[in-house]
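Notes for the one structure printed next.
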Amino acid sequence: MAAALTLEGVSKRYGDFQAVRDLSFQVEKGTICGFLGPNGAGKTSTIRMILGLQGASAGRIDILGADDGRKVRDRIGFLPEERGLYKKMTPVDAIAFFGALKGLPTGEGRRRAREMLDAQGLGASKNKKMKELSKGMAQKVQLIASVVHRPEFVILDEPFSGLDPVNQQGLEAVIRQLAADGATVLFSTHVMQHAERLCDKVVLLARGRKAFEGTVAEAQATTRRFLELEGAIEAAQAAALPGVSGVEVVSERDGVRVLKAALGQGGRGQEALKAAFLGGLDVRRFELREPSLHDAFISLTGDNPDIDQSVKPTAPGAVR
C-alpha cells in the first residue's frame, strides 16, 4: 500500500532542547493512524513539521508526494488543538470562509456547510452566532470547517479534548467516515480507548522518540495479561502466586486492596487463583484482564502518561 506520509530520521531542536529525535514512520493511504504519547512527547512539534509550519532540524518528510506540507496545503485538512472561530460568524459563514481559504468557491462552501451541519445534527443552529453555541457544537463546526474542502489527508490534534461522551462518539463516526471516503487520517490523542476502536495503526511517542509503530493488537501483544484481585491481600502474598511476574497495588481503602498481578510468560490465571484460594487469601473479587493500549505504552516506554486507561476484561469471575 502506498504511503501518504513518510518521515525519515526527523529531528527538531529548539535551542538546547531536543523536542523530536530521529523519528521515522509511515502512514498508508486511506488508513487511520493514532499518534499517541504524553504531554511533551513531541507530537505537536511533529505535526507542525508535517504541515510545514516549522522546519525540521534534520531528516526528511514526504506528504502526498511533496517535501513541504505548504505545497499541498489545499489537499490537507487540519484541526489544531487550539480552537478558534470568529464568534460573530454563523456556522455556515465560518465553514464557507475556511473552505474558501483552501480554494473552495464560496457558494459551494455554503452548500456543503449546510449539508454537513444537518448531518451532524446542527441544522437548527446553522444561522446562529458561533458565540451562542456550546463548546461541543463549536468543536463540531470547526471539524467540519477543516474538512469541508474534502482533503486527502486529515490531521486532528487532540480532537476529543473537552468533548462529552456523546460528542466523542459522534466524532469517532466522523473519523470513520473520512477514512471510508478515502481520506488518510492522522490524529493525536491522550484517550487510549479512541485509538483502540479507530486505528488501523498507532505510533507511540515518548520523550521525542518513537517507542512503537504497528497495529493496536501488535502493541498489546508486547505486554502480559494480568489478574486483578480485590480483598485484604498483601502485595507480597500476590507476588508469591505461581505464574505471577509482578504486582502493582492499584488502590487501597480500609485494608481492602485492589492488586494488579501481571502474569509472566506461560502464566495461567486459574493456577494463580487456585493457589490464592488454597493459601487462604481473602479474595473477594477477581478478574482476568487483557492488556490495554495504556498497558502497552507503559511496557514499551516506561512512562505513565496522563491518558485515560482502557481495559478489555473477560467476564467478571472468569479466568483462562
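Within segment 158-170, count every residue that is part of a loop (DSSP other than H, G, I, E, B), touching a residue at least 40 places away in the same chain (Cβ under 8 Å) and surrounded by fewer than 22 Cβ atoms within 10 Å (Cβ to Cβ). The number of residues fulfilling the criteria is 2. All conditions in (1) under 16 Å from the mean Cα position of the chain (by Cα); (2) closer than 17 Å to PHE97 by Cα hold for PRO165, with the sole exception of (2).
Just to be sure, is GLY123 among the small types (Gly, Ala, Ser), assigned by TED's automatic domain parsing to the domain that holds GLU82 and more than 16 Å from the chain's Cα centre (by Cα)? Spelling it out, GLY123 is indeed among the small types (Gly, Ala, Ser), assigned by TED's automatic domain parsing to the domain that holds GLU82 and more than 16 Å from the chain's Cα centre (by Cα).
For residues that are in a helix (DSSP H, G or I) and either of a type in the set (A, V, I, L, M) or touching a Phe, Trp or Tyr at 6+ places or on another chain (Cβ under 8 Å) (or both), tally how many sit in segment 219-237. Steps first, answer last, please.
First pass over segment 219-237, keeping only residues in a helix (DSSP H, G or I): 219-220, 235-237.
Still in the list and also either of a type in the set (A, V, I, L, M) or touching a Phe, Trp or Tyr at 6+ places or on another chain (Cβ under 8 Å) (or both): 219, 235-236.
Selection size over segment 219-237: 3.
Say whether the condition of being over 26 Å from THR6 (Cβ atoms) and surrounded by fewer than 17 Cβ atoms within 10 Å (Cβ to Cβ) is met by at least one residue in segment 149-157. No, segment 149-157 has no match at all. The numbered conditions (1) in contact with a strand residue (DSSP E or B) (Cβ under 7 Å, 6 or more places away or on another chain); (2) free of Cβ contacts under 8 Å to residues at least 24 places away in the same chain; (3) among the aliphatic types (A, V, I, L, M) are all true for LEU101 except (1). Restricting attention to segment 183-218, the residues being of a type outside the set (Lys, Arg), in a loop (DSSP other than H, G, I, E, B) and farther than 30 Å from ARG257 by Cα number 5.
Determine if segment 124-135 includes at least one residue that is under 24 Å from VAL27 (Cβ atoms) and not in a helix (DSSP H, G or I).
We begin by selecting, within segment 124-135, every residue under 24 Å from VAL27 (Cβ atoms); these are none.
No, there is no match, as no residue in segment 124-135 is under 24 Å from VAL27 (Cβ atoms) and not in a helix (DSSP H, G or I).
This table checks each residue for (1) surrounded by fewer than 20 Cβ atoms within 10 Å (Cβ to Cβ); (2) out of contact with any helix residue (DSSP H, G or I) (no Cβ under 9 Å at 6 or more places or on another chain); (3) under 14 Å from GLY279 (Cβ atoms).
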{"position": "VAL216", "(1), (2), (3)": "no, no, no"}
{"position": "PHE226", "(1), (2), (3)": "no, no, no"}
{"position": "GLU230", "(1), (2), (3)": "yes, yes, no"}
{"position": "ILE233", "(1), (2), (3)": "no, no, yes"}
{"position": "ALA238", "(1), (2), (3)": "no, no, yes"}
{"position": "GLY246", "(1), (2), (3)": "yes, no, no"}
{"position": "VAL250", "(1), (2), (3)": "yes, yes, no"}
{"position": "VAL256", "(1), (2), (3)": "yes, yes, no"}
{"position": "ALA261", "(1), (2), (3)": "no, no, yes"}
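The helices (runs of 4 or more DSSP H) located wholly in segment 1-119 that include 1 or more residues which are in contact with a Phe, Trp or Tyr (Cβ under 7 Å, 6 or more places away or on another chain) and surrounded by 20 or more Cβ atoms within 10 Å (Cβ to Cβ) occupy 43-51, 91-101.
Whenever a residue of segment 67-84 is modelled with pLDDT of 95 or more, its partners that are acidic (Asp, Glu), lying with C-beta atoms within less than 6 angstrom and at least six residues away or across chains, give the pairs ARG75/GLU152.
The values are calculated or read from the model by the stated rules, or taken from the named source; none is laboratory data. Note that the structure is predicted; figures quoted are calculated from it, not measured. Because the Cβ atoms are built from the backbone with ideal geometry, glycine has one as well, and the counts that use them run over all protein chains shown.
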